[in-house]
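Scroll down for the structure; my scribbles are underneath it.
Quick note: the coordinates plus some simple rules give every number you see, no bench work behind them. The shown structure was predicted, so the numbers you read here are calculated from the model rather than taken from an experiment. Quick reminder, even Gly has a Cβ in these numbers, built from the backbone with ideal geometry, and neighbours come from all protein chains shown.
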Amino acid sequence: MNEWLDRHMGRLFLAPAVTLILIFSIFPLIASLIMAFTRIRFSAGGYKVRFVGWRNFEKQFFGSEQFHLVGTFTQISVLGWIVGLSASAALLWWIWKYIRGPFTWVGFIGRLITLGMGLGLTWLFAATFFSGNQFGTIGTTLFYVLIGCAIQFLIGTALAFACSQSIRGKTAFRVIFFVPMMITPIGVGYIFRMMADTTKGPFSEVWQWVGLGNFAWATDPWAARTFIVIAESWQWIPFVFIMMLAAFESVPRDYTEAAELDGAGPWQSFKEITWPHVLPIAATVMLIRAIEAFKIVDLPNIMTSGGPGIATESVSLQSYYAWRSLDLGSASAIAYILLFITVVICVSFFNLVVLARIRKQQ
Amino acid sequence: MSTPIRKPGIFESPRIGEMSRATKVVLYAFLLIWSLIVLFPIYWLIITSFKDAADVNQGPFFIPWVDFQPSLHAWKELFVTDYEDTLRAYLNSIIISLSATALSVLIGSMAAYALSRVEYAPNLITILFFVFLLAMTGLAVGLYGVDWRLAAAVAVALFFFLARAVGNLYQVRLKNGDILFWIISQRILAPIVVVVPIYMMFQSVKLLDTHIAIIITYAVVNMPIVVWLMYDFFNSIPRDLEESAQLDGATMIATFREIVLPLSRTGLAATTLLVMILSWNEYLLALFLSTSKAQTMPILVAAMNAGERGILWWTMSVAIIVMIIPVVVLAVVLQKYISKGLLVGAVKG
Amino acid sequence: MIRKILGGTAIAAAALTAAPAMADGHYDGVTVNILTRPGPVIAGRMVERAEEFKAMTGAEVRVAEVPFAELFQKILTDWATGTNSIDVGVFASGWGVELVNGDLVENLDPYLAADDKIDLDDIAPYFRDFNQKVAGSTYFITLDGDFQMMYYRRDILEANGLEPPNTWDEYLDIASKINGQDMNGDGEPDYGSCIFKKRNAQSYFVIQSVAASMVQSKGTSEGIYFDPETMKPKINNAAWKRAFELYKATGEFGPADELNQDIGDTRGLVVGGRCGLMVDWGDIGPLSIEEGSMINDKVGAIIMPGSTEVLDTATGELVQCNAETCPYAENGLNYAPFAAFGGWTAAVSKSSDDQVKQAAYDFLSYMNQAAQSNIDVTMGWTGYNPYRNSQLEDTSAWIEAGFTEEAAENYLGAIKKSLNHPNMASDFRIPGAQQYTGVVLDRELARYLADEITVEQALANIEEGWEEITDDFGREDQAAIYSLSLGITN
């Protein structure tokens, strides 16, 4: 018995994790996929399931919910054509370059999927945002991910770099900067609703002073989206900060000192030594942030309930609202669309940016 | 000692390893401004918890005793009038987040350790076959009402009989890196994708609205983070000690418990803190899986938005504050580990 | 006294159930789990009454709360999947049909038959039917009677020499005249009209209140949503279009961030004396006399504004009111007070233990009985609005609570007028009610208010969305239940 245990110990160590993930992650994933093709109704003794084929997906992409998920389409404007065509050209050139370079089928197919997603999103934005139409929850989610992550990266990295210098009160700053991450997202949502109140909030005088006393951020789509990004950034900058701080502190001091001895200025030593050292970590950190940001649901739900109109609704929130009205089929279909987009974008980013950097360094 | 020949600019230090005065001013200004940005909303939260309705609605008021008369009514409401609800939610939150974190860190670091020390080469086809059987079992139980024990038994039997045969068709073997990537990639799943089936699963075994359901779910959801951080951490630990222990006849489990875990204190502390924060603050899954008995603090906070009477800002602030306190205490205690612990994991990417 | 009442109920009920339950403390060890929305509204008073009930009977009544928007799904999934962590659900009366349809709710007829204290006849006929019965049998016990009314600031209107509005045009006119005046003496300009407009909140009730007087003119049984035969939505027409436009127009005289205001935010403004005109449920009356209110004895209530034009269902256009088109018109104005939400009602799970069911029923009956409810409805914070005739006839409880004689009569008068109106409009009462209004109607309304789409697009989208939901639930089934729900008249 003991001998058997010993022989299989390697597997037994891995087994619990794999089993749990299979049961609570893979199995629900499959079940969810099946549900996406059904309509489910609750009644005594459980639920009734009816298969409806692709109807749930059709409704989202082409039917009555099109405006909600992808956006409203009319004519593509001149600007839309310019943006769409130039971005498409850039994408095609990128794949052409790959075909001419060291070619593998796996790499090619992977890039084709990335290309498809890139083209789809390009034209989605070209036909909605750049043509003066409203985009749907996909556009809003991407806005949160791109702008939010950019802000978090810039400020978080700057803070981490500042904290990695030899300064006093490092510990205090480190703890203080970490605090927003410890607050439940629900709480952050409500705190920022208080902050953003133009009549009773702490900054109401400031609002009055700049002549926006009567301005209601929650009734303007872009202002509302911006506020949500600000709240989200406030909460997650600590994460970037703490990771990047670790990265900066891991840069061997000898290197930078040696560089300065050689007469390199601080900017040069940062550019030549420090930055290349932390770059792979930065890419990983941003990948993690992006993965989490795609799931955003609590903040828009608390701060605006997705309004005004559908301006601040994320894909996750749309799925959640569908679940709330017991439309489980649509909820699953929307969730799967989100999953697909997230996987393609994040895996592309991982393969093309993170791995590429690591390979280059080695 | 060689001195720089050029005359240093204002942002350059006169001596190596030291900052110029101007750099210092900019640096401290930046750090202080950001501290203000972080702390002001929290200050506002704290004073709101001592305000009453009029102070909030006719605001803004900034300084207690100067602008407004602080009162303890919101604290009383939560801790005297409604202490049962508050206490229950608080205890639930503590039990759930502690257990989920412990489970997640234990199982996750075991997996991470195994992946960093043992070579695996599972057959991809066997795995796909297994997933296929899982899907069929799910279909049979969920849609056609087959008894789940029967379905599971059939599936297990089929798997053991046919696994080898199917696996031999093609020999495509996965490596440790693939398994690692697969586990970490689970984090991409938005909870909303899987939450409805998870709800139904727990319902079918009558575990809805219990601690266990939420604990297991949180443990699984956070496991990818544990595996990711701990894998790199274990990789960075020198293997000599383990090897000599193994030569002395120690089993893997003994080595893990007595040598590896104590060596990875810092990594474990940082990971624990991170997972703890995530489980403590989680809302969506808790909302799905609890009804009344297992409600956690975030749900209590959300419940302070009492539609018809507006948001009860004061009691909500109290609830948020009492939610932050234990995490802050924990973070201060563990703070020296946070950076060090994450360091190793992060550096290796 | 109370002990005696309860004892009597229990003994009478004991004959029905196998449980040998007798004198005081006969529910020792019994726990009833109630799920409702977060307090203090609705839940708060229940918790207090639960303590009295425990002292009397020994039954432990536990009240759990989930956010309003999650409430119905929680109850439905809990009961349908047999989780049974809830014995009693307290929710909007309109949602209940779906539960009864799913065979999840205990039929309360036998319990009522054995209960001599509940005095059903005292409950206003509309609520007795709408809030408690499905297809002739009683499944719910109501705790609250809901419909919307219009409120106005008596002092402000008098100071400007204005009469309370009878139509929506008058409403807008008055709102524009008084908008910007200081109404609470703090030196700041206040608002002509306050009506909450937040998405995923309760604004979809107000839009129906606005539309009702233009859509329905032939009495309660006409309905405001569908053609009962074909289930074709009666939404894409001139009447709803006008209602959407009116609702949006009121925003011009309201707070800047009205689009993000839920009913609670609006009520804060109203009680703070910042609004000239407002639409709300019955709550404003009791709220106006609460401590800290700036509008005590300054607010008047009136039936929701009427309309001179009503919908011609054949053409989809608005036509002038006359004896034929508006049989219930007064002075040429068609009124249709909308029973928004219907009221908070309680249902008992079919799969709870018999003894728990009995204890649950006894508790609900206790809450509903005049001895308790006539006090509860006079308190604004409870969220309970009057639903018994004795609550409306007798002003003494209201005066005791702090109303002036005049204010009480004005308030109760408006309620009585609305409640006894033969053209009262019923809220949705078919399966999927939440999807029809809470999701589709609400979302399209929000998009229209946010200028994302035109009113025509909004109405066309709602029509399409409603047709889809109807098809999902089965057109014929829905038509049958809809007709049934319209059979209720005063």
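Listed values, structure above:
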item: Inter-chain shielding of B:29-36 (mean C-beta neighbours from other protein chains, 10 Å cut-off); result: 5
item: Burial ranking of peptide ranges C:460-471, B:177-188, A:327-338 (average Cβ count within 10 Å, highest at the top); result: A:327-338, C:460-471, B:177-188
item: Trypsin sites (Lys or Arg not before Pro) lying in DSSP loop within the range C:100-174, provided at most 11 other Cβ fall within 10 Å; result: none
item: Loop GluC sites (Glu not before Pro), the range C:193-246 (other Cβ atoms within 10 Å of the site Cβ: 13 or fewer; DSSP); result: C:GLU229
item: Set of lysines with alpha-carbon distance to C:LYS74 below 25 Å, sequence-local pairs under 8 removed; result: A:LYS48, A:LYS295, B:LYS206, B:LYS293, C:LYS133, C:LYS198, C:LYS350, C:LYS357
item: Shape category assigned to the range B:149-302 from the gyration tensor of Cα positions, a/c cut at 1.5; result: oblate
item: The range C:189-223 versus the range A:52-114: alpha-carbon centroid distance in Å; result: 43
item: Residue among B:TYR199, B:MET223, B:ALA151 farthest towards the positive dipole end of the range B:121-232, charges placed on Cβ; result: B:ALA151
item: Principal axes of chain B: Cα extent on each, largest first, Å; result: 79, 74, 36
item: Per-residue average of Cβ from other chains inside 10 Å of A:324-335; result: 5
item: Within a Gaussian network of chain A (alpha carbon springs, distance under 10 Å), most fluctuating of A:ASN301, A:ASN56, A:ASN214; result: A:ASN214
item: Residue among C:GLY254, C:THR325, C:MET424 farthest towards the positive dipole end of chain C, charges placed on Cβ; result: C:MET424
item: At least 18 Å along the helix axis (C-alpha) and Kyte average at least 0.0, DSSP helices within chain B; result: B:21-48, B:83-117, B:124-144, B:148-169, B:191-204, B:211-236, B:265-281, B:313-348
item: Segments C:439-452, C:44-57 sorted - mean Cβ within 10 Å per residue, highest first; result: C:439-452, C:44-57
item: Label-to-label distance, nm, for residues given as B:LEU32 and B:ASN235 (7 Å Cα→Cβ offset); result: 4.3
item: Other protein chain Cβ atoms within 10 Å, averaged over every residue that makes up B:103-113; result: 4
item: Prolate/oblate/rounded call for the range C:22-130, Cα gyration tensor, a/c under 1.5 rounded; result: rounded
item: Candidates B:SER244, B:SER20, B:SER279, ranked by Gaussian network fluctuation over chain B, Cα under 10 Å, top entry; result: B:SER20
item: Over the protein assembly as shown: Kirkwood hydrodynamic radius from C-alpha pairwise inverse distances, Å; result: 32.6
item: Three-way shape label, chain A, alpha-carbon gyration tensor, a/c 1.5; result: rounded
item: Span-rule helices in chain A, defined as complete DSSP H runs reaching 30 Å or more along the axis (Cα) with Kyte mean at least 1.6; result: A:137-164, A:328-349
item: Principal-axis tilt of helix C:43-57 within chain C, Cα atoms, nearest 10 degrees; result: 20
item: Electrostatic dipole magnitude of chain B [Cβ: Lys, Arg +1; Asp, Glu -1; Cα centre; debye, to 20]; result: 880
item: Rounded tilt (10° steps) of C:203-215 against the dominant C-alpha axis of chain C; result: 70
item: For chain A, calculated [θ]222 nm from helices alone, where every DSSP H run of n ≥ 4 adds -39500 (n - 2.57); result: -22500 deg cm²/dmol
item: Between 0 and 90°, nearest 10: helix C:354-368 axis offset from chain C longest Cα axis; result: 50
item: Cut-off under 5 Å, modelled amide H: who pairs with C:ARG62 long-range; result: C:VAL32, C:ASN33, C:ILE34
item: Estimated 222 nm signal from helices in chain B, with DSSP H stretches of n ≥ 4 weighted -39500 (n - 2.57), rounded to 500; result: -23000 deg cm²/dmol
item: Rounded Å value of the spacing that divides the Cα centres of the range B:216-268 and the range A:300-362; result: 33
